[in-house]
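> Have a look at the structure that comes next, please.
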Amino acid sequence: MQTPTQVQVTQETAKALLFKHYQVEGELTALVSYQDINFKVETKKGTNYVLKIAGPTEAKANLEYQNALLMHLADFNKNFGIPECIPNKQGETLTVIQDNNGNEIYIRLLSWVSGRMWHSVNPQTETLRFSLGLAAGEITGALKTFDHPKAHYEFDWDIAQSLWTKKHLDIFSEEEQKLVLHFQKLFEMKTASYSKLRKGIVHNDLNDHNLVVSSDLKNPKLSGIIDFGDAIYTQIINDVAITCTYAIMEHPDPLEAALSVIQGYHKAFPLKDEELQHLYSCIAMRLVISVTKSALGKKSDPENTYLLVSETQAWELLKLWKKVIPDFAYYSFRGACGFDPHPQQKTFVSWAKSQEFNLQQLFPNFPNSGAYPLDLSVSSTWIGHQSNFNDLDFFQYKIDALQKDHPDKIIAGGYLEPRPLYTSTSYDKIGNYGRESRTIHLGIDYWLNAQTPVHALFDGQVVIVTNDAGYKEYGGLIVLKHQLNDLEFYTLYGHLSVASVDTLTIGDTIKKGDAIGKLGNPEENGCWAPHLHFQIMLSLLDYKLDFPGVAYANQIHVWKSICPDPNVLFKDSALQPESKPADQDLLEFRKNHLGKSLSLSYKEPLKIVRGSGAFLMDDLGRKYLDTINNVAHVGHEHPDVVRAGQQQMAVLNTNTRYLHETINQYAEGLLETLPLELSVIHFVNSGSEANELALRMAKVYTGQKDIIASEAGYHGNTNLCVDISSYKFDGKGGQGKPEHTHIFPLPDTFRGKCRDENAAKHYAREVKKCLDFIKEKGRNPAAFIIEPIISCGGQIELPQGFLKAAYKDIRNAGALCISDEVQTGCGRMGSTFWGFQLHDVIPDIITMGKPLGNGHPLGAVACTQAVAEAFANGMEYFNTFGGNPVSCAIGLEVLKTVKRENLQDNALRTGTFLKAEFLNLAKDFPIIGDVRGQGLFLGIEFTDANLNPLPEHTEYLINRMKDFGILMSSDGPDHNVLKIKPPLVFNQNNAEELLFYLRKILNEDFMLSFKRK
């Protein structure tokens, strides 16, 4: 079965043989194969087959074995397809003929298994890998009752026989030899226990060319398995290894990718612990076989590309697999099967619960009064802003103050706490779903004075000692090994002083109660204020110099088994984890008790608890690049803006009926950015209030009620604002246009009413039609309101010349021109500070909102002196909170930050780069119909070839980008425009990350599917 067939059969001959022996006619297409000659047969009736022709080197008995296996599986109910044997005219499943030289030729006809081949599927999701494992396990279970003499044979591709590869080490480079030899030795070390594992007949070749996937492009699942030519009687775990191997190729984190395969396999065919102990090395040896076969194949048959089909991927995976710690892989496999990841987890916890320990044994110099919990989690308000917890002196001050408040308690906490404190890039990696950060704290921190002695809780032996100041995560570090009968575990003592561990060496014996070190000061302990990081480990894994104290959130199930809660020893109720409502509970309360129209982003909502710069962070510490939150104008929780608000709030927050410098300073700062004509500022609390006030001003100034606005425009959530917002009253739940609102067509030059070079004039005429209609009614207009780039309309850029022509007609009719700058203002346009400045016009009123307060509720209206004087008609306009000192202090700092950090220039540079790259993407992906916008206010519209909107594809992309840690959202009447309006601190690196994953998702099957409609 290992030598390629020598038979030569033309397509015409195959067609004749098919009809002669099976009475089947159809079109034949050659298929790639290593052993047989294979053709796909497509009949006029729509029934498809595979015609397989094998030559004289293929033993007849082997083919009969394969047929017997397929017929056995045909009797089992399966949720996926496998080939069925089609009998010839004589009712036989194997047709034997002779060629011109008297050699036997073997012909088989099998049913066609419909679907896509695994290697062509993108993305290969966890759900898909689970379904693969499930199917593989079902086949193994079905073959338990099947045996055949030909299933027991020598085969190079059998992992059990894989040590034949040792004879061929010389064909590799020196570096390759080391890698291959490493895994050969690892496998060989365990051959005694490996040989005793369960055996059975397994498929043995579930590679990406033998797996058929459903046509569902959004949620693909395995729909079929083909090619049972390598089926063999061997260790069952080999089949699990092979199934994993090909499913995890080209994944940055292959271990994580393997777990869903194992979950599926175990569900269908329960695996045993002793089998999982060998899975890591079995996966490696399948790869060793593969690269060895490829290297030999290049020598013997350099033209046969089939032999090299996965060589590069196999080498890459072998290198990544070497970086995976074998024991950690084993514990992860156990976890995937529903076992405790560490086999000794329950034993240790049971022993620890039966013991009596207290903190005074750890810190004899401190009275035994228990612990006071300190919350350093992502959502903790105690740690404050990132700039606070990175200030070591300030952190020490806060710890000291807390200790004074609780003098008889040890400040402590942190087990499994997701922390935002680890800001170094050394805590980050690129996983299968984008950037991942280590955030989950694996021990308990005890905060005490520097030089506080630390004593051993048990007899032990030093296995790790580090006395390098500031070394990695711990500073001075000691790890002790403890042996209590059959229970072996380790305790870690981190952040010790260098001097206190200088005398210890590996192998030293430590007695219970011995002083083992003293707490280091911040300069040498590798962290903030003096404290002990105390951690329990049931395994050292492969660590020799240190041990992780912080883990990745997606591995928390495994790590909390390897590193049990240290408080199980001390049983301090103050350190029991606080019970927090599950996300589902939060969702249910929200549905029942918050506004029924309040929506959430994404199919699987996020729980966001912290922000920093261009990122938001969930409750497990995962960072999400925010491409849509233009409210956080100068960056989420910008330290200077936060500080300005805190400082002013601590002094005074009241209304505007008193003199105060800050309101004047802020108004002056805004006026400096505006034309001289706009010289009066009114402060409000939001963009909606700003537009509401602007409309009132216009009505008072003109004495009229009629407002002209754009189709698909949105100007706020108050009654007046909704009445002029086509996006609302023309949408779901809307009641249509009120009498005094007049809507002209969306000035869209991509899919709008006019798309040519005359668009500006055309849309200006549409505004004039509204004016004429109002006049016909015997009335005059009050105002014309529009955004310089229409956001909810789909980031629509106004055609050049339109606004100037429209303003002229509006003013000739005696009405006011209002520029809604709630989303476009404050430097976001890049080339200009305000959006109206893109069009060489000066409005009578501009409204401002979202960006002004960087998340604080703040809005403003700027108008001419004439408008302000007309509005001051005796009816006082007073806003309780508008213009209060806190809001003005925040707003002033936002303005200063935009200037100080050159954020308008950044919007121009980064926005120009992004727009150019989006246009480049459009060349490769025709689904991108249009790219538009200015600065960091951009839109990408998804359409098919006929400009039909693709909202389903847009939603798919948004949710997939969220999976990779990038937050996006849609706009436009058809919800098919991807909007990009991030905080202005969004930089080149952020842009490149966005582009990388955008290209990745655009390449996925569903995003490409529109072309096939």
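The values are calculated or read from the model by the stated rules, or taken from the named source; none is laboratory data. It should be emphasised that the depicted structure is a prediction, and the values quoted were computed from it without experimental measurement. Please note: Cβ atoms are built from the backbone with ideal geometry, for glycine as well, and neighbour counts cover all protein chains shown.
Let's see how each residue does on (1) modelled with pLDDT of 95 or more; (2) surrounded by fewer than 24 Cβ atoms within 10 Å (Cβ to Cβ); (3) among the aliphatic types (A, V, I, L, M); (4) not assigned by TED's automatic domain parsing to the domain that holds residue 389:
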{"position": "472", "(1), (2), (3), (4)": "no, yes, no, no"}
{"position": "484", "(1), (2), (3), (4)": "no, yes, yes, no"}
{"position": "502", "(1), (2), (3), (4)": "no, yes, no, no"}
{"position": "508", "(1), (2), (3), (4)": "yes, yes, no, no"}
{"position": "517", "(1), (2), (3), (4)": "no, no, no, no"}
{"position": "538", "(1), (2), (3), (4)": "yes, yes, yes, no"}
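> Further question: Quick check on my filter: what residues within the range 524-559 are closer than 27 Å to residue 389 by Cα, in contact with a His (Cβ under 9 Å, 6 or more places away or on another chain) and of a type in the set (Gly, Ala, Ser)?
If the condition is that a residue be closer than 27 Å to residue 389 by Cα, in contact with a His (Cβ under 9 Å, 6 or more places away or on another chain) and of a type in the set (Gly, Ala, Ser), then 526, 549, 551 are the ones that fit.
> Additional query: Please go through the range 839-873 and give me each residue that is closer than 25 Å to residue 702 by Cα and in a loop (DSSP other than H, G, I, E, B), ordered by number.
Of everything in the range 839-873, those that are closer than 25 Å to residue 702 by Cα and in a loop (DSSP other than H, G, I, E, B) turn out to be 840, 841, 842, 843, 844, 849, 864, 872, 873.
> State the number of residues belonging to the range 556-602 that are of a type in the set (A, V, I, L, M), closer than 16 Å to residue 418 by Cα and loosely packed, with under 12 Cβ neighbours inside 10 Å.
Count: 1.
> Any residue in the range 863-880 that is within 42 Å of the chain's Cα centre (by Cα) and not small (Gly, Ala, Ser)?
no
> Still on this model: Sort out which residues of the range 182-211 are among the aliphatic types (A, V, I, L, M) and surrounded by fewer than 22 Cβ atoms within 10 Å (Cβ to Cβ), and write them in order of number.
Those that are among the aliphatic types (A, V, I, L, M) and surrounded by fewer than 22 Cβ atoms within 10 Å (Cβ to Cβ): 186, 189, 192, 197.
> Conditions: (1) within 30 Å of residue 218 (Cα to Cα); (2) in a strand (DSSP E or B); (3) out of contact with any Lys or Arg (no Cβ under 7 Å at 6 or more places or on another chain). Residue 617 meets all but one. Number of the miss?
The failed condition is (3).
> Do we have any residue at all in the range 854-868 that's more than 29 Å from residue 794 (Cβ to Cβ), out of contact with any strand residue (DSSP E or B) (no Cβ under 8 Å at 6 or more places or on another chain) and among the hydrophobic types (A, V, I, L, M, F, W, C)?
There is at least one residue in the range 854-868 that is more than 29 Å from residue 794 (Cβ to Cβ), out of contact with any strand residue (DSSP E or B) (no Cβ under 8 Å at 6 or more places or on another chain) and among the hydrophobic types (A, V, I, L, M, F, W, C).
> Turning to a different aspect of this structure: From 80, 76, grab the single residue that is surrounded by fewer than 18 Cβ atoms within 10 Å (Cβ to Cβ) and among the aromatic types (Phe, Trp, Tyr).
Exactly one residue qualifies, and that residue is 76.
> Filter the range 902-928 down to the residues that are in contact with a helix residue (DSSP H, G or I) (Cβ under 8 Å, 6 or more places away or on another chain) and not in a helix (DSSP H, G or I), then identify the one that is surrounded by the most Cβ atoms within 10 Å (Cβ to Cβ).
Taking the candidates together, the pick is 927.
> Let me ask something additional. Restricting to the range 551-599, name every residue that is touching a helix residue (DSSP H, G or I) at 6+ places or on another chain (Cβ under 8 Å), among the acidic types (Asp, Glu) and within 30 Å of residue 964 (Cα to Cα).
Those that are touching a helix residue (DSSP H, G or I) at 6+ places or on another chain (Cβ under 8 Å), among the acidic types (Asp, Glu) and within 30 Å of residue 964 (Cα to Cα): none in the range 551-599.
> Give the number of residues within the range 630-654 that are surrounded by fewer than 21 Cβ atoms within 10 Å (Cβ to Cβ) and assigned to a loop (DSSP other than H, G, I, E, B).
Number of matching residues: 7.
> Please specify each residue of the range 803-834 satisfying the condition of being crowded, with 22+ Cβ neighbours inside 10 Å and in a helix (DSSP H, G or I).
Within the range 803-834, 803, 806, 807, 810 meet the criteria.
> For residue 41, which of the numbered conditions (1) within 30 Å of residue 139 (Cα to Cα); (2) at pLDDT 95 or above; (3) outside any strand (DSSP E or B) fails to hold?
(3)
> Continuing with this model, one more query. Being among the charged types (D, E, K, R) and within 45 Å of the chain's Cα centre (by Cα) is the filter here, so list the residues in the range 649-675 that pass it.
668, 672
> Cβ-Cβ under 6 Å, sequence separation 6+ or interchain: first residue in the range 115-142 and acidic (Asp, Glu), partner assigned to a helix (DSSP H, G or I) and surrounded by 22 or more Cβ atoms within 10 Å (Cβ to Cβ). Which pairs?
If the second residue must be assigned to a helix (DSSP H, G or I) and surrounded by 22 or more Cβ atoms within 10 Å (Cβ to Cβ), the pairs left are 126/260.
> Please give the helices (runs of 4 or more DSSP H) falling wholly within the range 655-772 in which 2 or more residues are over 30 Å from residue 941 (Cα atoms) and in contact (Cβ under 8 Å) with a residue 60 or more places away in the chain.
661-671, 687-702
> Working only within the range 9-29, note down all residues that are touching a residue at least 12 places away in the same chain (Cβ under 8 Å) and in a loop (DSSP other than H, G, I, E, B).
9, 23, 24, 25, 26
> Is it the case that some residue within the range 249-260 is surrounded by 18 or more Cβ atoms within 10 Å (Cβ to Cβ), among the aliphatic types (A, V, I, L, M), under 30 Å from residue 1010 (Cβ atoms) and assigned by TED's automatic domain parsing to the domain that holds residue 149?
Yes, the conditions are met somewhere in the range 249-260.
> Something else: For the range 426-442, what are the residues that are farther than 18 Å from residue 966 by Cα and either out of contact with any Asp or Glu (no Cβ under 8 Å at 6 or more places or on another chain) or surrounded by fewer than 22 Cβ atoms within 10 Å (Cβ to Cβ) (or both)?
426, 427, 439, 442 - these are the residues of the range 426-442 that are farther than 18 Å from residue 966 by Cα and either out of contact with any Asp or Glu (no Cβ under 8 Å at 6 or more places or on another chain) or surrounded by fewer than 22 Cβ atoms within 10 Å (Cβ to Cβ) (or both).
> Right, next: Quick one: residue 986 ticks every box in (1) under 20 Å from the mean Cα position of the chain (by Cα); (2) surrounded by fewer than 21 Cβ atoms within 10 Å (Cβ to Cβ); (3) not charged (D, E, K, R) except a single one, so which number is it?
All conditions pass for residue 986, except number (2).
> Mind listing whichever residues of the range 395-415 are surrounded by fewer than 15 Cβ atoms within 10 Å (Cβ to Cβ) and either within 39 Å of the chain's Cα centre (by Cα) or not in a loop (DSSP other than H, G, I, E, B) (or both)?
Of everything in the range 395-415, those that are surrounded by fewer than 15 Cβ atoms within 10 Å (Cβ to Cβ) and either within 39 Å of the chain's Cα centre (by Cα) or not in a loop (DSSP other than H, G, I, E, B) (or both) turn out to be 397, 400, 401, 404, 405.
> Looking only at residues that are touching a strand residue (DSSP E or B) at 6+ places or on another chain (Cβ under 8 Å) and either of a type in the set (Val, Ile, Thr) or not assigned by TED's automatic domain parsing to the domain that holds residue 858 (or both) in the range 716-748, which one is farthest from residue 773 (Cα to Cα)?
In this case the residue turns out to be 724.
> Using the structure shown, decide if residue 621 is outside the structural domain of residue 687 (by TED's automatic domain parsing) and at positive phi.
yes
> Got at least one residue in the range 905-926 being within 30 Å of residue 429 (Cβ to Cβ) and of a type in the set (Lys, Arg)?
Checked the range 905-926: at least one residue is within 30 Å of residue 429 (Cβ to Cβ) and of a type in the set (Lys, Arg).
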